[in-house]
1. Subtract the Cα-Cα distance of Glu182 and Lys80 from 0.36 nm times their separation in residues, and report this length gain in nm to one decimal.
2. Using Cα pairs under 8 angstrom and six or more residues apart, how large is the relative contact order of the range 175-218, in percent?
3. Counting Lys and Arg as +1 and Asp and Glu as -1, each charge on the Cβ, what is the dipole of the chain about the Cα centre in debye, to the nearest 20?
4. So, R0 is 41 Å and r is the distance between the beta-carbons of Ile40 and Thr197; what FRET efficiency does that work out to, to 0.05?
5. Taking 30 Å as R0, compute the FRET efficiency from the Cβ-Cβ separation of Asn3 and Phe33 and round it to 0.05.
6. So if R0 is 45 Å, what FRET efficiency would Ile119 and Lys67 give, r being the distance between their Cβ atoms, rounded to the nearest 0.05?
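None of the figures in this text is laboratory data; all of them are computed from the coordinates on show. On a predicted model such as this, the values are computed, not experimentally measured, just so you know. Neighbour counts run over all protein chains shown; Cβ positions are idealised from the backbone, glycine included.
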Amino acid sequence: MSNWNVNQLKVEGNRESLLEFRKSLIKTNENGFEDISLEILFPTPSELLEMSSPVEYRGDLNDEESKKSWEKHCDFLKLKYDGHCDWYTWRLENWGVSRDCWIDYGHWEKFEIGENYFILNFTSHWNPPVNYFINSSVLFFDLKFRLSYYDTVTGDFGAFEISRGEYKEVEIECTDVDINNEPVYQDESGDWYYSSTNLKVEQEYFTPYKHVPDLFVKQ
């Protein structure tokens, strides 16, 4: 089972560029809802999708001619796709994740658009798709991107500010809160208490939420 990262993307800049970028990021899924897809702007080459991952010869080991033909094909793909001969490594370099992303409707979806910005919440496997937005910022030179993330399994969190092909990590704080956004803390025995009053949280099987700037997610 993969870790799920909940992410929030905020893009700021010229409205015309914003709307153009939105069209390159959002599609209509099979259920008729708007959804995110990294394949629109940076599609995985079809030749690489035909290759297994990890890359290995799966034919008859005694068939030297077939094996040499397969190795030659791999070398051709590496020359054509900057050292990649399978979809997995290509996506990691170009997207930062190995699977496409999605909007988790009914959980914590958010889409907000203003005159000079838009905000989108979405979910990804294992990592936030940082490389995708670094590459996007080269094509949309007048836009600024902020990508915040929280790993629902490991508890890792953070944010990136991205512009013109460059990025920097931004330090942010993460706080345990209850459903009403009240800060809580856990003592050595495992019990939870409200930070403001030191009163014990009486809810049975209490599971806190993580309050990350831009995000509000359950552990």
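1. On the way: separation 102, 0.36 × 102 = 36.72 nm, distance 5.38 nm.
Length gained, Glu182 through Lys80: 31.3 nm.
2. Working: 61 pairs, mean separation 15.5, N = 44.
Taking the mean separation of contacting Cα pairs over the length of the range 175-218, I get 35 percent.
3. Working: 21 positive and 41 negative charges, 129 e Å.
Computed about the Cα centre, the dipole is about 620 debye.
4. 0.25
5. The calculated FRET efficiency here is 0.80.
6. Using R0 = 45 Å, I get an efficiency of 0.30.
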